[in-house]
């Protein structure tokens, strides 16, 4: 019921904005309708420029500010905008790219570790912790040859996320040593097939030790 109410209010707001756009003789390409139809919930300024088909920076900035002021868009971070309701996982992978959801976020979700983390953990090309809209996101750097390998990474509609096997290996690779509550549900074959992308003898030995004692 609450979701339906939000949708109705959002649609009413969009209708009001569309009529305002028409009265200001703005382009016929209705950005608001495109935004509503898009499955994405997070947008970079470059993506908004494509939706607008706008190349002039000053015009683009003015239009974006207009939509932010009227509640159609939210400015979460410099150059990053969202619909009023957005997917935090999509946000986490849109700020720094390439990147994918992994580590504790996946391990906890899959029951490999039992501790719950509010933070979102992301594997990317840099190590950094940021806070956006009261959401803490932790980025962990991994070497490019591994980061850019798509094995055991699931491409969701709006973001990429590691399988539990890849998250397990990412964690051991980045943290050197780590305690896992339940490795029994891991597909050992997948784990062993993934090992070569890390190019780490230490990791291979540690993984085999854990899997042998599991």
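The values are calculated or read from the model by the stated rules, or taken from the named source; none is laboratory data. Since this is a predicted model, take the numbers as computed values, not measurements. Quick reminder, even Gly has a Cβ in these numbers, built from the backbone with ideal geometry, and neighbours come from all protein chains shown.
Total residues in the stretch 138-156 satisfying the condition of being in contact with a strand residue (DSSP E or B) (Cβ under 7 Å, 6 or more places away or on another chain) and either at positive phi or assigned to a helix (DSSP H, G or I) (or both): the figure is 2.
Which one of 201, 143, 136 is closer than 21 Å to residue 108 by Cα and at pLDDT 95 or above?
Values: 201 fails: closer than 21 Å to residue 108 by Cα; 143 fails: closer than 21 Å to residue 108 by Cα.
Checking each option against the conditions leaves just 136.
Just to check your reading of the model, which residue among 65, 75 is free of Cβ contacts under 8 Å to residues at least 12 places away in the same chain and assigned to a strand (DSSP E or B)? Give the derivation first.
Numbers: 65 fails: assigned to a strand (DSSP E or B).
Within the list 65, 75, the selection yields 75.
Determine if the stretch 7-18 includes at least one residue that is modelled with pLDDT of 80 or more and in contact with a helix residue (DSSP H, G or I) (Cβ under 6 Å, 6 or more places away or on another chain). Among the residues of the stretch 7-18, not one is modelled with pLDDT of 80 or more and in contact with a helix residue (DSSP H, G or I) (Cβ under 6 Å, 6 or more places away or on another chain), which makes the answer no. If the condition is being in a loop (DSSP other than H, G, I, E, B) and in contact with a helix residue (DSSP H, G or I) (Cβ under 9 Å, 6 or more places away or on another chain), then the stretch 92-118 contributes 98, 99, 102, 110, 111, 112, 113, 114, 115, 116, 117. Looking at (1) within 28 Å of residue 47 (Cβ to Cβ); (2) surrounded by fewer than 16 Cβ atoms within 10 Å (Cβ to Cβ); (3) out of contact with any strand residue (DSSP E or B) (no Cβ under 6 Å at 6 or more places or on another chain); (4) at pLDDT 95 or above, which is the only condition residue 187 fails? Answer for residue 187: the failing condition is (1). Among the conditions (1) on the phi < 0 side of the Ramachandran plot; (2) more than 20 Å from the chain's Cα centre (by Cα), residue 159 misses just one, which is (2).
Residue count for the stretch 20-58, restricted to those that are exposed (fewer than 10 other Cβ atoms within 10 Å of the Cβ) and modelled with pLDDT under 50: 4.
Taken as a whole, the stretch 142-154 holds no residue that is within 14 Å of the chain's Cα centre (by Cα) and in contact (Cβ under 8 Å) with a residue 60 or more places away in the chain.
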